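Asks: I have a structure here, written as structure tokens, and I will follow up with some questions on it.
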Amino acid sequence: MDEAIKMKAENVNFFYGKTQALKDVSLDIHAHSVTAIIGPSGCGKSTFIRLLNRMNDLIPHAQLIGRVYLDCQDVFSHAADPVELRRRVGMVFQKPNPFPKSIFENIAYGLHVNNIKDKDFVETRVIESLKKAALWEEVRHRLHESALKLSGGQQQRLCIARCLAVSPEVILFDEPCASLDPISTAKIEELILELKKEYTIVIVTHNMQQAARVADYTAFFLLGELIEFNKTQELFTAPKDKRTEAYITGRFG
Amino acid sequence: MRNPQRTEKIAFFFLFLATLVIALPVGLVVIIIISKGLPAINWQFLSDIPRQGMRSGGIFPAIMGTVYLVTGAIIFALPIGLLAAVYLSEYAKDNMLTRVIKLAIVNLAGVPSVVYGLFGLALFVVFFKFGASILSGSLTLGIMILPIIITASREALESVPYSFREVSYSLGASKWQTIRHTVLPNAIPGILTGTILGLGRAAGETAPILFTVAAFYLPQLPKSIFDQAMALPYHLYVISTQVPNVNEKIRYGTALVLLVLVLCMNLVAILIRYQFRKRKKW
């Protein structure tokens, strides 16, 4: 593990009310690599990824003990601003969720709320983001049509483009292919491999093959605990923990 | 009752009868008012002042008075109601105070309109010394429709999917930016629908304007918001009960104008909702 560490979780415990969702999780996320988080439903993978951009702040009665760092800065310290954090750590959600606006407006939204008014700049950035998300050729002639007219896979790439437009450093993918067909899934995976050159990527997935295909590192969560974390190849070929082995060979999950 | 087919027929008959009983009076009201009122409607009736002790002439001042009152009520109630709804649905924490406020709003909706009239008389007419005026009447009507606007707006705001807010936050928007750019635009049709229904109510009520603004008879239009005004519902009350020997045609004509005014507002609300449903796809 030689790349620089972009984000770091240190002894993270997370509670929804009295239910403990994460137990003492420590995990390093390496810059310009893809880190996959796998595990059965309810193992805390979504909870974990949502800590990285403080989306869990919105949940009432949730409590965190432990630290999360982005470039060595504590993102939960009093001085840290969650709004600023989310500009640096973007997120793509499980269900494609475009706003009921035009394709162009969807992508410009993040720039708009960041007070970027320069029209030429916004236009350039929208086009750039669509190209990076491999959607430009499909939508170049209908930028001002409703984003809801796009197919599911296109909508998900639009959501990726929307996330790229604010120039994040880290992108969190929360089961981005869960509702997509295999061809759309392949496109998204291809895209993720392309994006890791420029961004640091964390992806939660139910699909072990997907983790094996796209991830450099893989973390296996079970019942809120981080069971094993290693380079993907090693985790899948020579798991150190019996539970990891049981999961990846399909004995449960 | 062993024959299930016969049971089915009997059940159908009673269910249909109940529905018919509801529809019939509504239809009759509309038919009677139209058939008796339509002969009175002409340009003079709509544009002239009442003449000969309101036994002939038109109802123009009453129409305009109602328009003024409704406009005033909306200028007052929409901003306050909307801001309160945003606070309650987006910002307020679920605690004792919030629950008391929500309960108060629900109760406010159930207060009889004549009580609003007395309240307006005490507060606006007497205490604030606005006198019987368009201002007092508008404020009273505004308070009366506040709960309608707040409730409709809250429902509209809360029906905006959580995922929209989530995405907005994830793109680095603050809470207010999320409300301003994502929640409000998607809630506006619902808010407008509620507002227009509130307006329809304000246009039709007699009791709240009885003590606060309504003039028995005014030969000219009000000149400022501190003047009294005539209003359709009160005018209808006056020519039906206070003035003897008013031609039935004029009474039903006035009722028809009021009915059409309120129905038009409801129609606009329905159209807005329909337009929005067509676009909405989540």
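Asks: If you take the residues of region A:162-195 that are in a helix (DSSP H, G or I) and touching an Asp or Glu at 6+ places or on another chain (Cβ under 9 Å), which of them is surrounded by the most Cβ atoms within 10 Å (Cβ to Cβ)? Outline the logic, then answer.
Replies: Step one: of region A:162-195, the residues in a helix (DSSP H, G or I) are A:162-165, A:182-195.
Checking which are touching an Asp or Glu at 6+ places or on another chain (Cβ under 9 Å) leaves us with A:164-165.
Numbers: A:164: 24, A:165: 27.
Filtering region A:162-195 for residues that are in a helix (DSSP H, G or I) and touching an Asp or Glu at 6+ places or on another chain (Cβ under 9 Å), the one surrounded by the most Cβ atoms within 10 Å (Cβ to Cβ) comes out as A:165.
Asks: With the structure loaded, tell me whether residue A:181 is within 12 Å of chain B (Cβ to nearest Cβ), closer than 23 Å to residue A:207 by Cα and of a type in the set (D, E, K, R) or whether it fails that test.
Replies: Considered against the rule, which asks whether it is within 12 Å of chain B (Cβ to nearest Cβ), closer than 23 Å to residue A:207 by Cα and of a type in the set (D, E, K, R), residue A:181 comes out as no.
Asks: Yes or no: region B:188-202 includes at least one residue that is buried (at least 23 other Cβ atoms within 10 Å of the Cβ), aliphatic (A, V, I, L, M) and more than 23 Å from residue B:261 (Cβ to Cβ).
Replies: No: region B:188-202 contains no residue that is buried (at least 23 other Cβ atoms within 10 Å of the Cβ), aliphatic (A, V, I, L, M) and more than 23 Å from residue B:261 (Cβ to Cβ).
Asks: Condition first: among the polar types (S, T, N, Q), in a loop (DSSP other than H, G, I, E, B) and more than 8 Å from chain B (Cβ to nearest Cβ). Now tell me which residues in region A:85-105 satisfy that. Working first, answer last.
Replies: Keep residues of region A:85-105 that are among the polar types (S, T, N, Q), which gives A:94, A:97, A:102.
Filter once more, keeping what is in a loop (DSSP other than H, G, I, E, B): A:94, A:97.
Listed by number, the list holds a single entry, A:94.
Okay, residues lined up against (1) more than 11 Å from chain B (Cβ to nearest Cβ); (2) free of Cβ contacts under 8 Å to residues at least 60 places away in the same chain; (3) over 22 Å from the mean Cα position of the chain (by Cα):
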residue	(1), (2), (3)
A:82	no, yes, no
A:107	no, yes, no
A:121	yes, yes, yes
A:140	yes, yes, yes
A:157	yes, yes, no
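Asks: Quickly run through region A:159-177 and pick out the residues that are within 11 Å of another protein chain (Cβ to nearest Cβ) and of a type in the set (Gly, Ala, Ser).
Replies: Once the filter is applied, which keeps residues that are within 11 Å of another protein chain (Cβ to nearest Cβ) and of a type in the set (Gly, Ala, Ser), region A:159-177 yields A:165, A:167.
Asks: Output the residue which, of all residues in region A:55-73 that are more than 20 Å from residue A:23 (Cβ to Cβ) and charged (D, E, K, R), is farthest from the other protein chains (Cβ to nearest Cβ).
Replies: Once the filter is applied, the top-ranked residue is A:71.
Asks: Starting from residues that are surrounded by 10 or more Cβ atoms within 10 Å (Cβ to Cβ) and outside any helix (DSSP H, G or I), keep the ones in region B:2-50 and report whichever is nearest to the chain's Cα centre (by Cα).
Replies: Restricting to residues being surrounded by 10 or more Cβ atoms within 10 Å (Cβ to Cβ) and outside any helix (DSSP H, G or I), the top hit is B:41.
Asks: Which numbered condition in (1) surrounded by fewer than 23 Cβ atoms within 10 Å (Cβ to Cβ); (2) in contact with a Phe, Trp or Tyr (Cβ under 8 Å, 6 or more places away or on another chain) is the only one that residue A:209 fails?
Replies: That leaves (2) as the condition not met.
Asks: Give the number of residues within region B:118-160 that are under 30 Å from residue A:94 (Cα atoms), part of a loop (DSSP other than H, G, I, E, B) and more than 14 Å from every other protein chain (Cβ to nearest Cβ).
Replies: Residues flagged as under 30 Å from residue A:94 (Cα atoms), part of a loop (DSSP other than H, G, I, E, B) and more than 14 Å from every other protein chain (Cβ to nearest Cβ) within region B:118-160 amount to 0.
Asks: Now for a different question. Residue by residue through region A:42-62, note down the ones that are outside any helix (DSSP H, G or I) and over 17 Å from residue B:175 (Cα atoms).
Replies: A:42, A:43, A:44, A:61, A:62
Asks: Might you let me know whether region A:51-62 holds any residue that is surrounded by fewer than 21 Cβ atoms within 10 Å (Cβ to Cβ), under 24 Å from residue A:216 (Cβ atoms) and at pLDDT below 90?
Replies: For region A:51-62, residues surrounded by fewer than 21 Cβ atoms within 10 Å (Cβ to Cβ), under 24 Å from residue A:216 (Cβ atoms) and at pLDDT below 90: absent.
Asks: So if I check each of B:79, B:61, which one is closer than 30 Å to residue B:244 by Cβ and either more than 16 Å from the chain's Cα centre (by Cα) or part of a helix (DSSP H, G or I) (or both)?
Replies: B:61
Asks: In addition: With the checklist (1) under 21 Å from residue B:91 (Cβ atoms); (2) more than 9 Å from chain B (Cβ to nearest Cβ); (3) in contact with a Leu (Cβ under 9 Å, 6 or more places away or on another chain); (4) not acidic (Asp, Glu) in hand, flag the one item residue A:76 doesn't pass.
Replies: It is condition (1) that residue A:76 fails.
Asks: Applying the selection to region A:68-84, what residues are part of a strand (DSSP E or B) and buried (at least 16 other Cβ atoms within 10 Å of the Cβ)?
Replies: Result: A:68, A:69, A:70.
Asks: Another question, then. Can you name the residue in region A:109-119 that is in a loop (DSSP other than H, G, I, E, B) and more than 10 Å from every other protein chain (Cβ to nearest Cβ) and, of all such residues, is nearest to residue A:11 (Cα to Cα)?
Replies: Only one residue tops the list, namely A:116.
Asks: Looking at (1) in a helix (DSSP H, G or I); (2) among the β-branched types (Val, Ile, Thr); (3) within 14 Å of chain B (Cβ to nearest Cβ), which is the only condition residue A:127 fails?
Replies: Going through the list (1) in a helix (DSSP H, G or I); (2) among the β-branched types (Val, Ile, Thr); (3) within 14 Å of chain B (Cβ to nearest Cβ), residue A:127 breaks only (3).
Asks: Could you tell me which numbered condition residue B:163 fails, if it satisfies all but one of (1) buried (at least 19 other Cβ atoms within 10 Å of the Cβ); (2) within 14 Å of chain A (Cβ to nearest Cβ); (3) outside any loop (DSSP other than H, G, I, E, B); (4) of a type in the set (Gly, Ala, Ser)?
Replies: (1)
Asks: Which numbered condition trips up residue B:246, out of (1) within 21 Å of residue B:144 (Cβ to Cβ); (2) buried (at least 16 other Cβ atoms within 10 Å of the Cβ); (3) not hydroxyl-bearing (Ser, Thr, Tyr)?
Replies: (1)
Asks: While we're here: List pairs: first in region A:57-72 and among the aromatic types (Phe, Trp, Tyr), second modelled with pLDDT of 90 or more and surrounded by 15 or more Cβ atoms within 10 Å (Cβ to Cβ), Cβ under 6 Å, 6+ apart or cross-chain?
Replies: Close Cβ pairs satisfying both conditions: A:69/A:8.
Asks: Here's another thing I want to ask about it. Within region A:219-238, track down each residue that is buried (at least 16 other Cβ atoms within 10 Å of the Cβ), hydroxyl-bearing (Ser, Thr, Tyr) and more than 16 Å from residue A:28 (Cβ to Cβ).
Replies: Once the filter is applied, which keeps residues that are buried (at least 16 other Cβ atoms within 10 Å of the Cβ), hydroxyl-bearing (Ser, Thr, Tyr) and more than 16 Å from residue A:28 (Cβ to Cβ), region A:219-238 yields nothing.
Asks: So if I check each of A:37, A:65, which one is surrounded by 16 or more Cβ atoms within 10 Å (Cβ to Cβ) and either part of a strand (DSSP E or B) or at pLDDT below 90 (or both)?
Replies: Every option except A:37 fails the conditions.
Asks: Report yes if residue B:79 is touching a residue at least 12 places away in the same chain (Cβ under 8 Å) and either over 23 Å from residue B:192 (Cβ atoms) or not small (Gly, Ala, Ser) (or both), otherwise no. So that I can check it myself, show each step before the final result.
Replies: Details: touching a residue at least 12 places away in the same chain (Cβ under 8 Å): no; either over 23 Å from residue B:192 (Cβ atoms) or not small (Gly, Ala, Ser) (or both): yes.
Criteria not met by residue B:79.
Asks: Search region B:249-279 for residues being loosely packed, with under 13 Cβ neighbours inside 10 Å and of a type in the set (D, E, K, R), and hand back the single one that is farthest from residue B:41 (Cα to Cα).
Replies: B:279
Asks: Please find, within region B:171-199, the residue that is nearest to the other protein chains (Cβ to nearest Cβ) out of those that are closer than 19 Å to residue B:274 by Cα and not aliphatic (A, V, I, L, M).
Replies: Filtering first and then ranking leaves B:186.
The values are calculated or read from the model by the stated rules, or taken from the named source; none is laboratory data. Predicted model, so just to flag it, every value in this text is computed and none were measured. As a convention, Cβ positions derive from the backbone with ideal geometry for all residues, glycine included, and neighbour counts pool all protein chains shown.
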